[in-house]
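Asker: Structure provided below as structure tokens; questions to follow.
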Amino acid sequence: GGGGTMSSTDMMDVDEDAPLASLAPEAGSAPGNWFTERAKYIPVRLTMAERKDLRLCEAVLSVSEYTSKIDATGKSKAKRTQLQLQEICAVLTALIVSKDYTAGREVVDSRMYKDHESAIQDILEIGRRHKIMNPEKMRGEYGKLIYMLQDSVTPEVQQLLDMNIVKPIITVHSYLAARGAQGVLDDNLITIATREIIADGEKSRQQLNKESKEKHRAIEYLGEKYASRNISEDEIKLCLYSMGDNHSFLTANRDPVDKMIQYLTKLFSPTDIEPGYDLSISGGSDGARLSHSHEKQYYYVLQSLTLWREIAHDMFRLWYLSEEDLLDLEHRYELKDTGQGHQRVQQAPRISSAMRQVLHHTQQRVGKWIGSSVVHLGDSNVPNALVFIDKYTQVASILNPIVLVLRQIPELYKNQQVARYIDEEFGGCSKLARDILLDFFRSAFDGSGADNFYDAGSCIDGRLTSAWNWCSQISSKPFFPIFKLAGFSSFDGEFQK
């Protein structure tokens, strides 16, 4: 793989604290250094051969019981190290045997894993790369993988294992730089070659076809222009498609947050309160644990959504830094009972620093800050960087279903019986949509979800706790039948349509 021989520090000459620009350059405009900076954190899309290895990696991890065995309590340090080595070797043996039976049989006899170091690194890196690009995939497997890698780099295990199974993630930038083709990231045509073409109902079929042809031509042109002895046309195209995948990720994960911000700012005003649409909440009433006036709640919701938007926009970079924190030997984890079972509690300096930057950026955008700006990391609420990053990949799972239901309401209204039901029960389409949003903006941002202000309340991840609490009560809401009619199954699953 490209850039595989570089160390993490060689590969990334970047300012980890600098938040990335919030908006991509317009198609056809000069890219500046926007693409170069983002490419340092955008993983390269898997090739067909790599997908075969991915299936192997997923299969081996799915049957492994690594974390449940290793993190069980009551073991001495020596016993735990022995068990770690045993379980790591079991996974490595399974990978080698599945890939090449003859080589696997030799390894079982000789225990010479070092001969297969490079192949193992490649397979495990493919799993990590796939997860970063698809946060909703490999839910259980990735946790086992990263905790196994976390244990594999410790001196105690290294001494016995005598090989490194971790390699840096192959990013678009490292892939191109290793082949001397990073100039493609500064080419003016890259904005056209990587843009996402969305059928949003506003563009005509003719316009969409025109954009699609322009994009295809730009990809072909850049492939030919930058191909050399070190890199083929197809490899350059693979990098351009990977940049495009990042735009698709943003459409799926950032756009729902943008849509919610749009609903808030268009349908509600911070100063004018329409009868029946007062956002104010009072602690102790309707499950709320915060007390805010209408204006204060408006800005509290706006800043929470803006923060989620910035995190979604920067997700690949935050994920990259999370992995570096998890595999950092300077800040080793401790197994502690956090009140939610035994967890690996570990400081995460890189992700903490990046989050402070994102938070500062958000505060500048919204102007004023309401509530706490505490970021929980390395404590009983958010034990380590993996738990942190997993929390924020769920924002789209909360907002997407609501946005989809609101979009579906006019379609549902075309059915006579449903239209009569909406009119009689909710007073029409627009009132129904506003009622759903009113309930969400009040009850999903009210500090609920725990019995103390340290676990929930107005701290940065407490806001997410309150939103999940709202999701858990959706079936008791008067508008729940509308959600079901729109094809909603759950906040954690897929829409049926």
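The values are calculated or read from the model by the stated rules, or taken from the named source; none is laboratory data. Predicted model only: the values in this text are computed from it and were never measured. Don't worry about glycine lacking a Cβ; one is built from the backbone with ideal geometry, like all the others, and counts go over all protein chains shown. Accessible surface is based on the protein model in full, side chains and every heavy atom, while ligands, DNA and RNA are left aside. Shrake-Rupley method; radii C 1.70, N 1.55, O 1.52, S 1.80 Å.
Asker: At 0.36 nm per residue, minus the direct Cα-Cα distance, what do D379 and N230 gain on full extension? Give it in nm, one decimal, please.
Answerer: Numbers: separation 149, 0.36 × 149 = 53.64 nm, distance 4.70 nm.
Contour length minus the Cα-Cα distance gives 48.9 nm.
Asker: Further question: With a 1.4 Å probe and all protein chains kept in place, how much accessible area does K484 have, in Å² rounded to the nearest 10?
Answerer: Probe radius 1.4 Å; accessible area of K484 about 100 Å².
Asker: Mind checking the angle between helix 48-63 and the chain's longest principal axis? C-alpha axes, 0 to 90 degrees, to the nearest 10.
Answerer: Tilt of helix 48-63: around 80 degrees.
Asker: In straight Cα distance, which lysines are under 22 Å from K99, not counting same-chain residues fewer than 8 positions off?
Answerer: K52, K114, K131, K144, K167
Asker: Here's another thing I want to ask about it. Which of the lysines could a cross-linker bridge to K213, judged by Cα under 30 Å and excluding same-chain residues fewer than eight apart?
Answerer: Partners within reach: K40, K203, K225, K237, K259, K497.
Asker: Beyond 18 Å, what share of the Cα-Cα pairs of the stretch 66-206 remains, rounded to the nearest whole percent? Please list the in-between numbers first.
Answerer: Numbers: 6707 of 9870 pairs.
The answer is 68 percent, as a whole percent.
Asker: Compute the label zone of T47 within the stretch 124-143: residues whose backbone N is under 14 Å from the point 7 Å along Cα-to-Cβ.
Answerer: Residues passing the 14 Å test: 126.
Asker: Also, I was wondering about something else. How big is the stretch 223-272 along each principal axis, measuring the range of its Cα positions in Å and listing the largest first?
Answerer: Principal-axis extents of the Cα atoms in the stretch 223-272, largest first: 65, 16, 11 Å.
Asker: Counting only heavy atoms of protein chains, what accessible area per residue, in Å², does the stretch 283-425 have with a probe of 1.4 Å? Don't jump to the answer; show the numbers that get you there.
Answerer: Details: 5870 Å² over 143 residues.
On a per-residue basis, 41 Å².
Asker: Calculate how steeply helix 315-326 sits against the longest principal axis of the alpha-carbon atoms of the chain, using the helix alpha-carbon long axis, and give the answer as 0 to 90 degrees to the nearest 10.
Answerer: Helix 315-326 sits roughly 50 degrees off the main axis of the chain.
Asker: Within a Cβ distance under 13 Å of N134, other residues only, what is the Lys/Arg minus Asp/Glu net charge?
Answerer: Numbers: positive: R45, R51, R128, R129, K131, K137, R139; negative: E58, E136, E141, D245.
Value of the local net charge: +3.
Asker: Next question, about the same structure. Counting other Cβ atoms within 10 Å, which trypsin sites (Lys or Arg not before Pro) in the stretch 313-360 have at most 13 and lie in a DSSP loop? Display every interim value, and only then the final one.
Answerer: On the way: sites: R317, R332, K336, R344, R350, R356; in loops: R332.
Counting only loop positions with at most 13 other Cβ atoms within 10 Å, the trypsin sites (Lys or Arg not before Pro) in the stretch 313-360 are R332.
Asker: Using a cut-off of 17 Å between alpha-carbon atoms, which lysines can reach K336, once sequence neighbours fewer than 8 places away in the same chain are excluded?
Answerer: Correct list for K336: K69, K75, K77.
Asker: Take the alpha carbon gyration tensor of the stretch 117-165, find the square roots of its eigenvalues, order them as a ≥ b ≥ c, and report rounded if a/c is under 1.5; if not, report prolate when a/b exceeds b/c, else oblate. It would help to have the intermediate numbers written out before the result.
Answerer: On the way: a/c = 3.69, a/b = 1.81, b/c = 2.03.
The shape class here is oblate.
Asker: Also: What number results when the radius of gyration of the chain, computed over Cα atoms, is divided by 2.2 N^0.38 Å? Please report the intermediate quantities before stating the final value.
Answerer: Numbers: Rg = 24.7 Å, N = 497, 2.2 N^0.38 = 23.3 Å.
Taking the Cα Rg and dividing by 2.2 N^0.38 Å, one obtains 1.06.
Asker: Ignoring ligands, DNA and RNA, please state the percent of accessible area on the stretch 339-497 from carbon and sulfur, probe 1.4 Å.
Answerer: Working: 3250 of 6800 Å².
Ligands and nucleic acids excluded, carbon and sulfur reach 48 percent.
Asker: Please return the longest stretch of the chain lacking exposed loop sites, where GluC sites (Glu not before Pro) count only if DSSP places them in a loop and at most 13 other Cβ atoms lie within 10 Å. Please list the in-between numbers first.
Answerer: Working: sites that count: E26, E65, E202, E330, E494.
The longest uninterrupted stretch comes out as 331-493.
Asker: Using a 7 Å offset from Cα along Cα-Cβ at D337, what residues in the stretch 80-104 end up with backbone N under 11 Å from the label point?
Answerer: Output list for this probe position: empty.
Asker: Using only Cα atoms, find the angle between the long axis of helix 117-133 and the longest principal axis of the chain, and express it within 0 to 90 degrees, rounded to the nearest 10.
Answerer: The helix 117-133 is inclined about 10 degrees to the chain.
Asker: Next question, about the same structure. For the pair L208/E196, report the inter-label distance in nm, with labels modelled 7 Å from Cα in the Cβ direction.
Answerer: If labels sit at L208 and E196, their model points lie 1.5 nm apart.
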